[in-house]
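Below is one structure, written out as structure tokens; comments come after it.
The values are calculated or read from the model by the stated rules, or taken from the named source; none is laboratory data. It should be emphasised that the depicted structure is a prediction, and the values quoted were computed from it without experimental measurement. Note that each Cβ is placed from the backbone with ideal geometry, even for glycine, and that neighbours are counted across all protein chains shown. Note: areas computed on protein heavy atoms with side chains; ligands, DNA, RNA excluded. Shrake-Rupley method; radii C 1.70, N 1.55, O 1.52, S 1.80 Å.
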Number of protein chains: 2
Amino acid sequence: MTLDLSLLPDGGVSWLDASGPEEDIVLSTRVRLARNLQGRAFTIRASAHDLDAILECVAEAGRATPQLRGVVVFRLDGLDRLDRQLLHERHLVSKELAGLEREGGARHAAALLTNGDIGVMVNEEDHLRIQVLRSGFAIPEAYAQIAQFDGDIGDRVSFAFHPEFGYLTSCPTNAGTGLRASVLIHLPGLVLTKEIAKVLQGLAQVGLTFRGLYGEGSEVVGNFFQLSNQTTLGKSEEELLDHLGKIVRQVIGYEQQARDKLQRNAPTVIADKVWRAYGLLRYARSLSFEETMNLLSAVRLGVGVNLITDLSVYTLNKLLIFTQPAHLAARADRPLGDPELPTMRASYVRRALDEDAARQQKPEPGTDQQP
Amino acid sequence: MTLDLSLLPDGGVSWLDASGPEEDIVLSTRVRLARNLQGRAFTIRASAHDLDAILECVAEAGRATPQLRGVVVFRLDGLDRLDRQLLHERHLVSKELAGLEREGGARHAAALLTNGDIGVMVNEEDHLRIQVLRSGFAIPEAYAQIAQFDGDIGDRVSFAFHPEFGYLTSCPTNAGTGLRASVLIHLPGLVLTKEIAKVLQGLAQVGLTFRGLYGEGSEVVGNFFQLSNQTTLGKSEEELLDHLGKIVRQVIGYEQQARDKLQRNAPTVIADKVWRAYGLLRYARSLSFEETMNLLSAVRLGVGVNLITDLSVYTLNKLLIFTQPAHLAARADRPLGDPELPTMRASYVRRALDEDAARQQKPEPGTDQQP
């Protein structure tokens, strides 16, 4: 089976368009709900027959909801590793569902149901992992969307629910609301001013946790942090989201203060850092993913503080996703190793920045007219 | 007194035009003759009255030669330190004549006579240090020019000459021909292939010596080496120059082999190095002189191996000279310190590269059209 993401509007990454609130600091908001079908064994204990039945049941119910109109079902267990990796790089499925670290690849009947708006991972750790990803800082909007879908699909299947514990999940840390919300936030100012450690410590004290670009177990690169709530039990969905939103709002404030401070105290250092990163991205012939992330981070900061005025956040977002190994391999239509991969990455980056510059139809960003 | 280099054609740096042979590897050829007036104390022992008389005598004789038509006399002892430094940065006078490391500045009656073609430093270590600087690898041409002038001025003044020892000089290492010839050569290939140490050792064995951009005591930066003959005594001018020419020709060959090898064995590494350097020069907001030299070295290599096709060697040469502190201060019309100096340098570099790109009237060098 071959993956055809063209079936999805915008390839399933419409959130990259940077249309949401605070889009230069908060890349995206993600809300997910863990749900399990009543009367069925949890995924890890389910037989192949059970897994098939779970998928069939969820797909049928999903198709019947108005929110999943036009849904496409991607069976992960029928996909090559590169295709599974691509779905993961695109934030459409978890590493677990893609079976990237699992012997034998994706689990039997592991699937993604999505129409680009709402995604349902089936037979992940839980039977259903419903997720909504939106551009910018948009917790209430994302929650409203997912809650409505949760209600509509819940009318068509019975979820395992306990009056005292709430929704039952495979891992007890998810029980209760089954909710996890996270924002992907870019904090270069706090990193440069070395205030980040203090901020991250503060998060832990108020029940929030941070991760890298790809969630649990992924490293922080390019100063991108995923901030999320740590508990799902004992509080209502609204309380959890409200709390997360308030804290994220504070972190955005700290980041803006840090940026102001940098601009005030070390304008030349910041400008130099930002423009060097831009120059390297525009001209390098070989780029590792990590270096690309770090350079994009500096350039994104430059856009945020108005040093770079003619580069779109959309292009920067796109580069985060499309410079990853499986995406580059998909473009080349074959697996890529060293030194081809970093070379293709650099070539892709140059082209994307050139196209963006051409679209802006302004003079070259480097050519300020000072004497 | 204020320095007015506009009195000289091309500001005295016509050799920057990259018109000479092998101009992408050999920046310039310099030949100088040390001469002293007969019957006068050497400079270090001369009184102020003597020094005045020496200058007067040399200036009068110089003006009468056809080669020094339009000569301008710059009195170093009347110039501010920045102006003296500027003349030195422009390779028109030695550090000694400029008095840059001398308490009280330039020596009394220290002067430069030049019309842009030929320069005569008066009251340097010797009464006269005649020098010719030409673009590219041009030893015979430079020598022919200086020899004719030496003959013509020698008809008008008597030089201290001993039938056995030849021309007498303040320091015995210069006695005999009083000749020193040097080429400023760019050897990034040999540095990158790590063959440079072997080549430099070989030079010592055949009586050649190497120095940095600014001659004696200056460090090697940006892979620019000054190669020159070590002895002036016991051989004729022609033998000395012929020997230097042959060795330099060999070194050029080694450098070309090293570049071929790099292009063959590590094309991506070289392309990446070259274009990153170009990107940094075009976008950095703060550049130290040393970093600038190193980046220019990589870009120059890129032009030499045809990776960069639309950038002139003239622009690269100009940047070597005009990014130096006194030159930047002269542009700003005031002394510059940190962080202004590296900021002005970066601004100057960006502008020069932008202007060059505009002159070439081709698409941006970074925007190759590969898919």
*Is the stretch A:122-141 home to any residue that is among the acidic types (Asp, Glu) and over 23 Å from residue A:36 (Cβ atoms)?*
yes
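Does residue A:253 satisfy the condition of being of a type outside the set (D, E, K, R), open to solvent by less than 30 Å² (accessible area, probe 1.4 Å), out of contact with any Cys (no Cβ under 8 Å at 6 or more places or on another chain) and within 11 Å of another protein chain (Cβ to nearest Cβ)?
Numbers: of a type outside the set (D, E, K, R): yes; open to solvent by less than 30 Å² (accessible area, probe 1.4 Å): yes; out of contact with any Cys (no Cβ under 8 Å at 6 or more places or on another chain): yes; within 11 Å of another protein chain (Cβ to nearest Cβ): no.
When the stated conditions are applied, residue A:253 does not pass them.
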*Tell me which of these residue B:331 doesn't satisfy, since it passes every other one: (1) in contact (Cβ under 8 Å) with a residue 24 or more places away in the chain; (2) over 25 Å from residue A:307 (Cα atoms).*
(1)
*Can you name the residue in the stretch A:257-273 that is among the hydrophobic types (A, V, I, L, M, F, W, C) and open to solvent by less than 50 Å² (accessible area, probe 1.4 Å) and, of all such residues, is farthest from the other protein chains (Cβ to nearest Cβ)?*
A:258
*asked:* Show me the helices (runs of 4 or more DSSP H) found entirely inside the stretch A:90-207 where at least 2 residues are open to solvent by less than 10 Å² (accessible area, probe 1.4 Å) and either out of contact with any Pro (no Cβ under 8 Å at 6 or more places or on another chain) or not acidic (Asp, Glu) (or both).
replied: A:95-98, A:139-154, A:188-192
_When you check residue A:276 against the structure, is it open to solvent by 10 Å² or more (accessible area, probe 1.4 Å) and away from chain B (no Cβ under 13 Å), yes or no?_
no
*For the stretch B:295-336, how many residues meet the condition of being farther than 25 Å from residue B:253 by Cβ, open to solvent by less than 10 Å² (accessible area, probe 1.4 Å) and assigned to a helix (DSSP H, G or I)?*
7
_I need a count of the residues in the stretch B:39-76 that are under 17 Å from residue B:121 (Cβ atoms), touching a helix residue (DSSP H, G or I) at 6+ places or on another chain (Cβ under 9 Å) and assigned to a helix (DSSP H, G or I)._
10
*asked:* With the requirement that a residue be small (Gly, Ala, Ser), surrounded by fewer than 22 Cβ atoms within 10 Å (Cβ to Cβ) and farther than 30 Å from residue A:328 by Cβ, what does the stretch A:41-75 give you?
replied: A:41, A:46, A:47, A:48, A:53, A:59, A:61, A:64
*For the stretch B:26-38, indicate whether the set of residues that are basic (Lys, Arg), more than 30 Å from residue B:189 (Cβ to Cβ) and either in a strand (DSSP E or B) or touching a residue at least 12 places away in the same chain (Cβ under 8 Å) (or both) is non-empty.*
yes
_Top-ranked residue in the stretch A:279-294 [being part of a helix (DSSP H, G or I) and within 10 Å of chain B (Cβ to nearest Cβ); ranked as most open to solvent (accessible area, probe 1.4 Å)]_ = A:280
*Only one of (1) open to solvent by 10 Å² or more (accessible area, probe 1.4 Å); (2) over 29 Å from residue A:49 (Cα atoms); (3) in contact (Cβ under 8 Å) with a residue 24 or more places away in the chain is not met by residue A:78, so which one is it?*
(2)
*Test each condition in (1) within 10 Å of another protein chain (Cβ to nearest Cβ); (2) more than 13 Å from residue A:296 (Cβ to Cβ); (3) open to solvent by less than 30 Å² (accessible area, probe 1.4 Å) for residue A:353 and report the one that comes out false.*
(2)
*Taking the condition facing chain A (nearest Cβ under 8 Å), part of a helix (DSSP H, G or I) and either open to solvent by less than 60 Å² (accessible area, probe 1.4 Å) or modelled with pLDDT of 90 or more (or both), does residue B:343 pass?*
yes
*Please go through the stretch B:6-21 and pick out each residue that is within 16 Å of residue B:118 (Cβ to Cβ) and open to solvent by 20 Å² or more (accessible area, probe 1.4 Å).*
B:7, B:9, B:10, B:14
*asked:* Looking at residue A:272 and the list (1) modelled with pLDDT of 95 or more; (2) under 30 Å from residue B:278 (Cβ atoms); (3) in contact with a strand residue (DSSP E or B) (Cβ under 8 Å, 6 or more places away or on another chain), which single condition is not satisfied?
replied: (3)
